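Here's the structure we're looking at; comments come further down.
Please treat every number below as a calculation from the coordinates, not as lab data. This structure is a prediction, so every number in the text was calculated from the model and none was measured. Positions of Cβ are generated from backbone atoms using ideal geometry, with glycine treated the same way; all protein chains shown enter the neighbour counts.
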C-alpha cells in the first residue's frame with residue numbers, strides 16, 4: 001500500500017469534519033462593555049463600580065486588553081489560599097465635603113499572620129476579565145487611622161488604584177514563582193460617585 005492511499009482519505013475526512021464545525025462570535029454587548037474603565041497601562045485596565053446603589057459593596061474588575069498574557073499579583077493569601085487578601089489595592093476617597101484621603105485594603109479578621117503567606121496570583125489571558133467584590137469597611141487609612149470608608153450626605157467619589165509587583169512571598173516549595181510573567185506598573189480606575 002502506498003502512503004498516498006492512506007493520507008488522501010485521512011485528509012478528506014479531516015476536511016469534512018472541520019467544515020461541519022462553525023464558530024460564531026457574539027456581536028452583542030458583554031459585561032465588560034457595560035462598565036466604565038480607567039486609562040490602560042501596558043494592556044491592563046481597572047473598573048470600579050457599585051453593583052447595588054446605596055449598598056457598601058464595590059466591584060473591582062481587571063481587564064487585559066493587551067496582546068500578551070500576564071499574571072497579576074493582587075496581594076497575599078493565607079491558609080494555602082483559603083483566605084485571599086488583595087492588599088495591593090488602594091482607594092482614593094474624596095468625601096462630599098471635599099476632603100481626600102487614601103485607604104489601603106485591610107481585613108480586620110486577618111490583621112495578624114502566624115503562618116504561611118503566599119502571593120495572590122491571578123493569571124489574566126488576553127481579553128480576560130477578573131472581578132473582585134469588596135466592601136467599604138475592608139479599607140484602612142493610615143494617615144487618619146479610620147477603619148472603613150464612611151460616606152457623607154451628598155456626592156462621595158472613589159477611584160481604585162493597583163500597583164503590580166513580582167512575587168513577594170517566596171516559599172521553599174514555590175521557588176519558580178519569581179520567574180512568572182508578572183504585570184508591573186500602576187493603573188487607576190474610573191471615578192465612581194456614590195451618593196448618600
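Quick notes
- Pairs of alpha carbons in the range 34-195 whose separation is greater than 29 Å (percent): 20 percent
- Take each peptide in 73-83, 125-135, count the other Cβ atoms within 10 Å of every residue, and average; sorted highest first, the result is 73-83, 125-135.
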